Amino acid sequence: MKEYSLKSYYRSCRVRCREAGIPESALGWLFCEKLDCGLAELSILMRDKQLSRDWVRAFEELFMRLIQGEPVQYILGRAWFWGLTLKVNPDVLIPRPETEQLLELALRYCAEDAKVLDCCTGSGAIALALKIQRPDASIHASDLSAAALEVAKGNASDLQLELEFYQCDLFPENGIKFDLIVSNPPYVSQAEYEELEAVIKDNEPQMALLSGNEGLDHILRILELAPSHLAEEGVLCLEHGEKQQQKIIQEAVSEGWEVEFAGQDLADKDRFLVLKYNHHNQRR
């Protein structure tokens with residue numbers, strides 16, 4: 001039976017990825033998954049590993065999906081966030097590195113025994129990582145999408161974590177006053193959505209990305225509705241679009257919020273806000 005050199009086959013795949021505009025990191029993940037190894041071990045295997053015809057044939061089926069623009073996370077059915085391996089599919093967004101920064105920010109404000117809501121939870125990434133880091137906290141997660149919640153519940157089951165999930169439009173009507181609300185809501189404007197990379201626009205769920213003409217529909221509703229779901233000293237941690245921070249601050253202050261923190265992501269783009277509501281100066 002004919003065999004193929006891993007080194008030469010990988011190189012040929014790398015050329016095809018480059019021609020298709022696919023990052024080599026995605027190719028590396030795909031090889032590591034099918035060879036059941038890490039990136040460091042992959043480099044070692046390159047020296048003398050031989051691949052069978054059947055292995056290459058099976059890999060080519062996955063590889064064709066990759067160079068046709070399907071995200072490697074959806075091909076593999078999993079993504080990585082804060083050291084966790086999470087199931088993902090086209091019903092949920094693929095967790096982004098900047099959202100790990102949102103988690104870091106939320107952890108600063110998440111005390112032991114806190115009541116926390118992850119609003120627009122998607123795959124459950126933020127809620128699950130919070131539960132890992134703050135096991136004494138009561139973690140709740142909401143999403144409008146029933147399909148997304150099934151993914152999140154499956155991830156919680158896989159990790160043996162107990163959370164409360166709600167299918168609702170932003171906030172559950174459960175009477176709980178949360179000490180922390182954290183949200184990475186949809187925040188892409190209509191114009192930005194039209195210009196998104198095909199790998200995102202053609203694969204990831206529109207309802208988890210698009211938020212009206214200016215990309216602010218969800219965030220403005222969160223600013224309006226969150227005060228009635230926050231404890232008196234509670235805080236709201238938000239991820240938002242890179243050009244939205246000043247507009248959100250302006251709207252938030254006019255609604256009675258105070259800015260605790262305004263920050264940037266690792267690319268120095270405005271990305272995060274921590275807001276505290278002044279319940280003693282309610283305008284409504």
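Since every read-out is calculated from the coordinates, none of them should be taken as a lab result. Note that the coordinates shown come from a computational prediction; the quantities given were computed from them, not determined experimentally. Quick reminder, even Gly has a Cβ in these numbers, built from the backbone with ideal geometry, and neighbours come from all protein chains shown.
Adding -39500 (n - 2.57) for every DSSP H run of four residues or longer, then dividing by how many residues the chain holds, sets the calculated 222 nm ellipticity at -12000 deg cm²/dmol.
Name the most mobile residue of 204, 232, 60, meaning the one with the largest mean-square fluctuation, in a Gaussian network model of the chain with Cα contacts below 10 Å. In this elastic network of the chain, the residue with the biggest mean-square fluctuation among 204, 232, 60 is 60.
Computed from the C-beta positions of residue 57 and residue 85, the FRET efficiency with R₀ = 25 Å rounds to 0.40.
Taking the charge dipole of the chain about its Cα centre, with +1 at Lys and Arg Cβ atoms and -1 at Asp and Glu Cβ atoms, the residue from 72, 27, 240 reaching farthest to the positive side is 27.
Overall, the chain carries a charge dipole of about 1040 debye about its Cα centre when +1 sits on the Cβ of Lys and Arg and -1 on the Cβ of Asp and Glu, all other atoms neutral.
List every DSSP H helix in the chain whose Cα atoms extend 27 Å or more along the helix's own long axis and whose mean Kyte-Doolittle hydropathy is at least -0.5.
Working: long enough: none.
Membrane-span-like by this criterion, though nothing is claimed about a membrane: none.
Loop-resident GluC sites (Glu not before Pro) (DSSP state other than H, G, I, E or B) in the range 142-184 with no more than 16 further Cβ atoms inside 10 Å of their Cβ: 162, 173. This structure gives percent of Cα pairs over 36 Å apart, computed directly, and of [x] 24; [y] 32; [z] 36 that value is listed as [x]. Gain on full extension, evaluated as 0.36 nm per residue between residue 200 and residue 5 minus their Cα-Cα distance, stands at 66.9 nm. For the chain, modelled as a GNM whose springs connect Cα atoms under 10 angstrom apart, the maximal fluctuation among 25, 43, 123 occurs at 43. Once R0 is set to 22 Å, what does the formula 1/(1 + (r/R0)^6) return for the Cβ-Cβ distance between residue 164 and residue 132, expressed as a FRET efficiency to the nearest 0.05? So the FRET efficiency works out to roughly 0.85.
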